[in-house]
Amino acid sequence: MIPRDNHATVVRGLLARNPVVALLGARQVGKTTLARKLAGAARRAEFFDLERAADVARLTDPELALGPLRGIVVLDEIQRRPDLVPALRVLADRPRSPARFLVLGSAAPVLLRQSSESLAGRIAFHELPGLSLAEVGATALDRLWLRGGFPRAFTARSTSESASWRRDFVRTFLERDVPQLDIAIPPVTLERFLSMLAHYHGQVWNASELGRSFGVSHHAVRRYLEALERTFMLRVLRPWAENLAKRQVKSPKVYIRDSGLLHTLLDIDDSNHLERHPKVGASWEGFVVEALIQRLGARADQCYFWATHSGAELDLLVIDGTRRFGFEIKRTTAPSVTPSMRNALSDLGLTSLDVLHAGDATFPLALSIRAVAAHRLLDDIEPLKSQRRT
Ligand SMILES: Nc1ncnc2c1ncn2[C@@H]1O[C@H](COP(=O)(O)OP(=O)(O)OP(=O)(O)O)[C@@H](O)[C@H]1O
Ligand SMILES: [Mg+2]
């Protein structure tokens, strides 16, 4: 087992302060495992798996069944029983409630819509991402890149076992999980859409153009995109626009969030193939963007990219209060300062600009610009101040 103490600590903290905590994340990312660990360490805990008929039967009258429980009460696969939310509200509102509810789910929409309305002020959310560089160790950087952060894909005994686990994952996702979402998209359509996204990975996204090549309206394209984003499969980076005399790009960039799944969708099965593939640069960029966001502890609404029509660009812009951190990602071992970097620095008034590269060392490139070795990311990049715990 790869320890995920950082997440355990965060969730424990949230449970201490909120009657209901939602632990959300992609399928197979390790939600149940983490919840079992938390429940196992608590003095009292109760576990309900809403995909098990026996557990569902125990909850026929939810208030009656859950009312007397104490300690941590886990409700796994809550998206199966959104009708439990009103009961949770009643139970959460009891003075000195003896129980804390930890609800787990892999499809955000139902939960978010229902709970944010009726459980407002009583529920806190924590998203469990795939394994991070900090969890697997910086020496496993290349393995994490190739295989991605789903625990089973990462820990598989061989590269080919990992690849076949990921192929099965995508099939199950399309055949079983997608039909359970409240979106009317045939799995075959979504499968084609997902492969198209893999080919557009890390590119600026033009819904009308994609719609045309896909033979549907740009509204439909947006709907597919939102559906996939809610299943935690995608990272959508919004464009940052500054008040400048330059024309700036106004469409988002889309990444397949997990590099291992990207490789599956592109039929890349080992590191030789990856290194020779035309998408190697895009894959590396997405992987480093995701690793940076995790390391910084940045929320999705703090993360942007920036580009002008005249060619200046910044792969990742992270806003933390009045501070603006810029990141460029280069799959080279000898990064240098480019005019585009100088433009980004001055136009956006960056606090600093880090150029993540594939070489061995971290060193200054110019005033406020550093070259940072990607495998030293954990040593050389500090978490955001607003995220640091005392
Ligand atoms: N920290 C870990 N280290 C190693 N393996 C792990 C870890 N966490 C989870 N796994 C393995 O990954 C698989 C998926 O884990 P788990 O069932 O907890 O995920 P989940 O998010 O609840 O998935 P689902 O949404 O499908 O219910 C399991 O086989 C589990 O043993
Ligand atoms: Mg589970």
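The values are calculated or read from the model by the stated rules, or taken from the named source; none is laboratory data. In this text the structure is predicted, and so the values were computed from the model without any measurement. Cβ placement follows ideal geometry from the backbone for every residue including glycine, while neighbour counts extend to all protein chains displayed. Calculation scope for accessible area: heavy atoms of the full protein, side chains included, ligands and nucleic acids excluded. Shrake-Rupley method; radii C 1.70, N 1.55, O 1.52, S 1.80 Å.
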Fill in: Members of segment 288-332 that are among the aromatic types (Phe, Trp, Tyr) and either in contact with an Asp or Glu (Cβ under 9 Å, 6 or more places away or on another chain) or open to solvent by 70 Å² or more (accessible area, probe 1.4 Å) (or both)
Phe305, Trp306, Phe325, Phe327
Worksheet item: Which of the residues belonging to segment 349-378 are among the β-branched types (Val, Ile, Thr) and either over 21 Å from Gly137 (Cα atoms) or buried (at least 21 other Cβ atoms within 10 Å of the Cβ) (or both)?
Response: Thr351, Val355, Ile369, Val372
Worksheet entry | Given (1) in a helix (DSSP H, G or I); (2) closer than 30 Å to Gly130 by Cβ; (3) open to solvent by less than 40 Å² (accessible area, probe 1.4 Å), number of the condition Ala65 does not satisfy | (2)
Worksheet item: Picking from Glu46, Glu51, which residue would you name as being among the acidic types (Asp, Glu), within 16 Å of ligand 1 (Cβ to nearest atom) and open to solvent by 30 Å² or more (accessible area, probe 1.4 Å)?
Response: Glu51
Worksheet item: Looking at Asp142, is it within 16 Å of ligand 2 (Cβ to nearest atom), surrounded by fewer than 21 Cβ atoms within 10 Å (Cβ to Cβ), in the same structural domain as Arg376 (by TED's automatic domain parsing) and of a type in the set (Asp, Glu)?
Response: no
Discussion item. Taking the criterion of being crowded, with 18+ Cβ neighbours inside 10 Å and charged (D, E, K, R), would at least one residue in segment 93-109 satisfy it?
Written reply: yes
Worksheet item: What are the residues in segment 352-386 that are of a type outside the set (A, V, I, L, M, F, W, C), assigned to a loop (DSSP other than H, G, I, E, B) and within 24 Å of Ile319 (Cβ to Cβ), if any?
Response: Thr362, Ser368, Glu382, Pro383
Item to complete: Count, please, the residues in segment 116-137 that happen to be out of contact with any strand residue (DSSP E or B) (no Cβ under 8 Å at 6 or more places or on another chain) and either over 20 Å from Ala8 (Cα atoms) or of a type in the set (S, T, N, Q) (or both).
Response: 5
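So that you can scan it fast, the table gives a plain yes or no per residue for (1) in contact (Cβ under 8 Å) with a residue 40 or more places away in the chain; (2) at positive phi:
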{"position": "Arg257", "(1), (2)": "yes, no"}
{"position": "Thr264", "(1), (2)": "yes, no"}
{"position": "Asp267", "(1), (2)": "no, yes"}
{"position": "Ser271", "(1), (2)": "yes, no"}
{"position": "Arg276", "(1), (2)": "no, no"}
{"position": "Val280", "(1), (2)": "yes, no"}
{"position": "Arg295", "(1), (2)": "yes, no"}
{"position": "Ala312", "(1), (2)": "yes, no"}
Worksheet entry | Hits in segment 230-241 (condition: crowded, with 17+ Cβ neighbours inside 10 Å and either farther than 16 Å from Arg192 by Cβ or among the polar types (S, T, N, Q) (or both)) | Arg230, Thr231, Phe232, Arg235, Leu237, Pro239, Trp240
Worksheet item: Which of (1) part of a strand (DSSP E or B); (2) surrounded by 13 or more Cβ atoms within 10 Å (Cβ to Cβ) does Pro335 not meet, given it meets every other one?
Response: (1)
Fill in: Candidates Val73, Val56, filtered to the one that is part of a strand (DSSP E or B) and either out of contact with any strand residue (DSSP E or B) (no Cβ under 8 Å at 6 or more places or on another chain) or more than 13 Å from ligand 2 (Cβ to nearest atom) (or both)
Val73
Worksheet entry | Members of segment 1-32 found to be near ligand 1 (Cβ under 10 Å from one of its atoms) and over 19 Å from the mean Cα position of the chain (by Cα), listed by number | Met1
Fill in: Tally, over segment 76-108, of residues that are within 16 Å of ligand 2 (Cβ to nearest atom), assigned to a loop (DSSP other than H, G, I, E, B) and touching a residue at least 60 places away in the same chain (Cβ under 8 Å)
2
Practice prompt. Could you please tell me which pairs satisfy a Cβ distance under 8 Å, a separation of 6+ or placement on different chains, a first residue in segment 21-33 that is over 16 Å from Asn6 (Cβ atoms), and a second residue that is assigned to a helix (DSSP H, G or I) and at pLDDT below 95?
Written response: Ala22/Ile78; Ala22/Leu111; Ala22/Ser115; Leu24/Ala108; Leu24/Leu111; Arg27/Thr172; Arg27/Phe173; Arg27/Asp177
Worksheet item: If you take the residues of segment 187-210 that are modelled with pLDDT of 85 or more and among the small types (Gly, Ala, Ser), which of them is least open to solvent (accessible area, probe 1.4 Å)?
Response: Ala198
